[in-house]
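Asker: Before anything else, here's the structure in question.
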Amino acid sequence: MTCQPMISESWARCRQAGMDPEKSPRAVRVSSKEFDLHFQHASDIARLARPLMDDMLSFVSSGFWVFLTDSHGCILASRASQPCLDSGEIDITPGTLWSEEHQGTSAVGLAIREGVPCTVSGAEHYFAAYRRLAGAATPIVSPEGEFLGVIGILGVGDACHPHTLGMIVAASAAIENQMKLERAANQLYSVIQSISDGLIAVDNDGFITHMNSVAGRIFGLKTSSCVGMPVEEVFKGSFPLLQMFKTGREGFNDRELAITFNGRRVHITVSSRPVCSEQRKVFGVVLTCREMKSVQRLVTRMAGAQARFTLSDLVGEDPKFLAAIAMAHRVARSDSTVLIIGESGTGKELFAQSIHNASPQREGPFVAVNAAALPRDLVESELFGYEEGAFTGARRGGRPGKFELASGGTLLLDEIGDIPLEVQISLLRVLQEKQVVRIGGHAPIPLQMRVIAATNKDLARLVEEGRFRLDLYYRISVVNLTVPPLRERNRDVLLLADCFLKRFAKLRGQGEISLSEKAREALMRYSWPGNVRELQNVIEQAVHMLEGNEVGLEHLPERIRDSQPDPAAVAIALDTPGLSTLNQAERALMLKTLRSCGGNISNAARCLGIGRTTLYRKLALHGIDLGSMRKTAT
C-alpha cells in the first residue's frame, strides 16, 4: 500500500543524509565473502522463495524484476522477465544493497524500515533516475516474529497493478506458512527422536511415515531407508509384529513380544494407538515398543532392587573378617558364582551388595530373593516367571521372574538351602545354560548376570541327607566366602557398637553418644547369638531409651546385663581350645592380652573392653602379678 506520510518521512531522511535526488544513486555491492555470509544467514527464505519467484514472474508483464532481500536490504536472488530493465542503469543483481541508506525512497527501503507491505511508484521515488519505475514489496517474518527479509517486484510503469501487491503479500504469506510447517515438522521429529521408546507410524496404505532411532536400534534397521517403505516389506520376517500393525487400529497396551528378527533376538513390549482426525476417522496407526531389559530395569529400580552397600561400609578389624573382605574384593572382579556362608545376622547380604557394587555388573539391578520366605508352590513362578494362562490365577500378560529382572546385574539367592528339591533341577539348568523358560512358555530367554547364593545351613550335610542336589552344590560353590559370627570377632563388638551409636545419633539429630564402662563390659561379655543384627537392634533400643548422651548398663536388655562370658567363645577367641572352666578362660584371656600389650594396663583394659579398675580387680582375683608380666615383656 502507498502511504504518503511514510514517503514524506523517507524523503526527509534522505535529504538529511545529504543525498542529491538529481544524481543517479551509486550501486553498492558487498564482496563475495560478505555475500556468502548474508546468504547463509537467510538461506531458509531463499530456498522457499525461489519457486514462488519463478511462478510470480510468469504472471507479470514484461520488463519486471522479482527479487528477494535479507533484513539488511542485500539482494539474495532475482528473476527478470524479457525484455527487462537495463541492468546498467538499475542494478538488482545479487549482492547489491537496496536499503533506504543506499537507494533512497523505494518499496524495498520502506518495507524494511516500516515492516509493512507497500508500493512506491514514479515520482514517489527519491532519486530522479528511479521515477520511471513502479515497485511493490512486503516483509517476511519468522514464526517467532523475527524480521527476515523482503520479497518484491520492480518494473517500468506509472504504478503497479492493484493485484501486484496482493500477489507479493500472498507469496510472503506462503513462505511464512511453509516455515511454520517446517518448524512444526522439525519439532515433531525432535519429539519423536527424544522419546525413550521405539516409535513406528504407518498410514492407511501401509507405508511407514515415521520411525525413530530407538526403533531402528531395537530392530537393527536404518530408519532413513525405512521411512516411505511398505511396512510389510520392512517387517516381512516377523508375522507376529505385522499382525500387531494390523490390529493396532483397535489400540492395546504393553503386549509382550519375543521374536527373532534380522538375526537378533527381540524381546519387547508393544503398545498401539490409532491416529485419528477430529472427526474420529482413522488414517494410520502408531506402535511404540520398549525393550524388556529396559522395562525390567525400571521395575527393579521402582521396587528398590538396588545395592546400597559397598566394601567400604563393612566394619571390622578381626583377621577373619578382614580376610572375608579381601576375598570379596578379589571375586568382585569376575562373574563367578559365589556362595556366602554365615549365620543369620552376620551380614551376608551386605557382602553380596558390596560384591555387586565392586563388579562390572554394578550398573545393573541387584535383585535379592529369600527362598525361605517363598511359599513352596510359588518358588518356580517367582524365580522363572510365567506366561499368561500358565495356571489358575496367573496374571494377565504373564510376569517375568527374578532371573529376568536381574538380567544385566546380580541375583542374590538367599537361604538357598531352603529351595525345594523338585525346583533344584530347574535352577541348575538355568545356571548352566544361562537362559530361562517361563512356566507355560516355550521360548528361552537369554540371561546375562552374576548369581550369588547365601546360606546359614551346612549344605554339605544337606547333600549327605539327600535334601540338596550334589550337582547344584558344586555349581553354586565356585567361590566360597565365609562370614564369621560376631562371637568370633570379639574385638569388633565395641567398634560396631560405636558405629551404630553414631548412625542413630545422626538420625535423631543428636550430638555424640558414648557407652559407659559397665555397658562396654556387658557388650563384651555377651555371646551375640543374633550376631551383628542383634547388636544393631540392641544399640537402637538403647538410644531410644536414652535421655542423656551416655548409654549405661540400665539401657541394655536384661539378657545382656546378666550375661556371663561363654568359655567356649573365649577359647575360640584365644585360639586355645580345651579350657574347661570359666575362670581358666578368663585368666588366659587377660594373660594373652597383657602380653600383647607389653604389660600396659590402659591398653589391655581398652582391648578387653573394661575399665582399668575392673582389670586391676580381676588381676588380683586371678593372682596375676603385673610386675612380673612387665619384666617378662621387657
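Asker: Taking VAL436, is it in contact with a strand residue (DSSP E or B) (Cβ under 6 Å, 6 or more places away or on another chain), in contact (Cβ under 8 Å) with a residue 40 or more places away in the chain and over 29 Å from ARG533 (Cα atoms)?
Answerer: yes
Asker: Quick check on this structure: which one of ALA460, ALA505, ALA497, ALA453 is among the small types (Gly, Ala, Ser) and in a strand (DSSP E or B)?
Answerer: ALA453
Asker: Is there any pair linking a residue in region 161-190 that is among the hydrophobic types (A, V, I, L, M, F, W, C) to one that is surrounded by fewer than 18 Cβ atoms within 10 Å (Cβ to Cβ) and part of a helix (DSSP H, G or I), with Cβ under 8 Å and at least six apart or on different chains, and which?
Answerer: MET179/ASP44
Asker: Kindly evaluate GLY220 against the criterion of being in contact with a Lys or Arg (Cβ under 8 Å, 6 or more places away or on another chain) and either more than 30 Å from VAL60 (Cβ to Cβ) or among the aromatic types (Phe, Trp, Tyr) (or both).
Answerer: yes
Asker: Which numbered condition trips up HIS442, out of (1) out of contact with any strand residue (DSSP E or B) (no Cβ under 7 Å at 6 or more places or on another chain); (2) farther than 30 Å from VAL551 by Cα; (3) modelled with pLDDT of 90 or more; (4) surrounded by fewer than 21 Cβ atoms within 10 Å (Cβ to Cβ)?
Answerer: (3)
Asker: OK, next. Would region 397-417 turn up any residue that is assigned to a helix (DSSP H, G or I) and either touching a Pro at 6+ places or on another chain (Cβ under 6 Å) or within 22 Å of PRO485 (Cβ to Cβ) (or both)?
Answerer: The answer is yes; a qualifying residue exists.
Residue by residue, here is whether (1) in the same structural domain as PHE39 (by TED's automatic domain parsing); (2) over 30 Å from VAL214 (Cα atoms); (3) among the polar types (S, T, N, Q); (4) under 44 Å from the mean Cα position of the chain (by Cα) holds:
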{"position": "VAL116", "(1), (2), (3), (4)": "yes, yes, no, no"}
{"position": "SER121", "(1), (2), (3), (4)": "yes, yes, yes, no"}
{"position": "PHE127", "(1), (2), (3), (4)": "yes, yes, no, no"}
{"position": "ARG132", "(1), (2), (3), (4)": "yes, yes, no, no"}
{"position": "ALA137", "(1), (2), (3), (4)": "yes, yes, no, no"}
{"position": "ILE151", "(1), (2), (3), (4)": "yes, yes, no, no"}
{"position": "THR164", "(1), (2), (3), (4)": "yes, yes, yes, no"}
{"position": "ALA170", "(1), (2), (3), (4)": "yes, yes, no, no"}
{"position": "ASN177", "(1), (2), (3), (4)": "yes, yes, yes, yes"}
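Asker: Let me ask something else about it. Tell me whether region 164-179 contains one or more residues that are of a type in the set (Ser, Thr, Tyr) and more than 17 Å from VAL28 (Cβ to Cβ).
Answerer: Taking every residue of region 164-179 in turn, at least one turns out to be of a type in the set (Ser, Thr, Tyr) and more than 17 Å from VAL28 (Cβ to Cβ).
Asker: Counting just the residues of region 188-245 that are of a type in the set (Ser, Thr, Tyr) and more than 19 Å from ARG273 (Cα to Cα), which one comes out nearest to the chain's Cα centre (by Cα)?
Answerer: Here the answer is SER213.
Asker: Out of the residues in region 248-287 meeting the condition of being closer than 30 Å to LEU447 by Cα and among the aliphatic types (A, V, I, L, M), tell me which one is modelled with the highest pLDDT.
Answerer: LEU287
Asker: If we keep just the residues of region 211-241 that are hydrophobic (A, V, I, L, M, F, W, C) and surrounded by fewer than 16 Cβ atoms within 10 Å (Cβ to Cβ), which is farthest from SER190 (Cα to Cα)?
Answerer: Only one residue fits best here, namely PHE239.
Asker: For residues that are outside any helix (DSSP H, G or I) and in contact with a helix residue (DSSP H, G or I) (Cβ under 8 Å, 6 or more places away or on another chain), scanning just region 601-624, find the one that is modelled with the highest pLDDT.
Answerer: Top of the filtered list is ILE624.
Asker: Can I ask one more? Return yes or no: is ALA358 of a type outside the set (Phe, Trp, Tyr), buried (at least 18 other Cβ atoms within 10 Å of the Cβ) and either in contact with a Pro (Cβ under 7 Å, 6 or more places away or on another chain) or outside the structural domain of SER312 (by TED's automatic domain parsing) (or both)?
Answerer: So ALA358 fails the test.
Asker: Next question, about the same structure. Does region 533-546 contain at least one residue that is out of contact with any Asp or Glu (no Cβ under 7 Å at 6 or more places or on another chain), assigned to a helix (DSSP H, G or I), under 29 Å from LYS457 (Cα atoms) and of a type in the set (Asp, Glu)?
Answerer: Yes: one or more hits.
Asker: Let me ask something else about it. Quick test for you: out of ALA542, ALA569, pick the one residue that is surrounded by 15 or more Cβ atoms within 10 Å (Cβ to Cβ), modelled with pLDDT of 75 or more and on the phi < 0 side of the Ramachandran plot.
Answerer: Step by step, each of ALA542, ALA569 is checked, and only ALA542 is surrounded by 15 or more Cβ atoms within 10 Å (Cβ to Cβ), modelled with pLDDT of 75 or more and on the phi < 0 side of the Ramachandran plot.
Rundown of residues vs (1) under 13 Å from ILE476 (Cα atoms); (2) crowded, with 23+ Cβ neighbours inside 10 Å; (3) acidic (Asp, Glu), yes/no style:
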| residue | (1), (2), (3) |
| --- | --- |
| GLU404 | no, yes, yes |
| SER407 | no, yes, no |
| LEU412 | yes, yes, no |
| ILE416 | yes, yes, no |
| LEU421 | no, no, no |
| VAL430 | yes, no, no |
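Asker: Condition check: acidic (Asp, Glu) and more than 26 Å from PRO529 (Cβ to Cβ). Does GLU349 satisfy that?
Answerer: no
Asker: Being farther than 26 Å from LEU589 by Cβ, touching a strand residue (DSSP E or B) at 6+ places or on another chain (Cβ under 6 Å), of a type outside the set (S, T, N, Q) and surrounded by fewer than 17 Cβ atoms within 10 Å (Cβ to Cβ) narrows it down to one residue among GLU550, GLU512; which is it?
Answerer: That would be GLU550, the only listed residue that is farther than 26 Å from LEU589 by Cβ, touching a strand residue (DSSP E or B) at 6+ places or on another chain (Cβ under 6 Å), of a type outside the set (S, T, N, Q) and surrounded by fewer than 17 Cβ atoms within 10 Å (Cβ to Cβ).
Asker: So, one more: Does GLU144 satisfy the criteria of being farther than 30 Å from ARG273 by Cβ and part of a loop (DSSP other than H, G, I, E, B)?
Answerer: Here the answer is yes, as GLU144 does meet what is asked.
Asker: Further question: Taking TYR126 as meeting all but one of (1) more than 20 Å from VAL156 (Cα to Cα); (2) assigned to a loop (DSSP other than H, G, I, E, B), write down the number of the exception.
Answerer: Going through (1) more than 20 Å from VAL156 (Cα to Cα); (2) assigned to a loop (DSSP other than H, G, I, E, B) one by one, TYR126 breaks only (1).
Asker: Mind listing whichever residues of region 462-496 are of a type in the set (Lys, Arg) and touching a residue at least 60 places away in the same chain (Cβ under 8 Å)?
Answerer: Hits for region 462-496 are ARG475, ARG487, ARG489, ARG491.
Asker: Which residue out of THR138, THR105 is at pLDDT 90 or above, at negative phi and assigned to a loop (DSSP other than H, G, I, E, B)?
Answerer: None of the other options fit; the residue is THR105.
Asker: Surrounded by fewer than 23 Cβ atoms within 10 Å (Cβ to Cβ), modelled with pLDDT of 90 or more, in the same structural domain as ALA42 (by TED's automatic domain parsing) and farther than 21 Å from GLY63 by Cβ: does that describe LEU97?
Answerer: Considered against the rule, which asks whether it is surrounded by fewer than 23 Cβ atoms within 10 Å (Cβ to Cβ), modelled with pLDDT of 90 or more, in the same structural domain as ALA42 (by TED's automatic domain parsing) and farther than 21 Å from GLY63 by Cβ, LEU97 comes out as yes.
Asker: Pairs needed: first member in region 443-461, assigned by TED's automatic domain parsing to the domain that holds TYR473 and more than 21 Å from PHE351 (Cα to Cα); second member anywhere, part of a strand (DSSP E or B) and not polar (S, T, N, Q); C-beta distance under 8 Å; at least 6 residues apart or different chains.
Answerer: As it stands, the answer is ALA443/ALA258; PRO444/VAL436; ILE445/ALA258; ILE445/HIS267; ILE445/VAL436; PRO446/ARG265; LEU447/VAL436, since those pairs meet every condition given.
Asker: Another question about this same structure. I need the full set of residues from region 519-548 which are basic (Lys, Arg) and in contact with a Ser or Thr (Cβ under 9 Å, 6 or more places away or on another chain), in order please.
Answerer: Residues satisfying the conditions are ARG525, ARG533.
The values are calculated or read from the model by the stated rules, or taken from the named source; none is laboratory data. This is a predicted model, so every value here is computed, not measured. We place every Cβ from the backbone using ideal geometry, glycine too, and count neighbours over all the protein chains shown.
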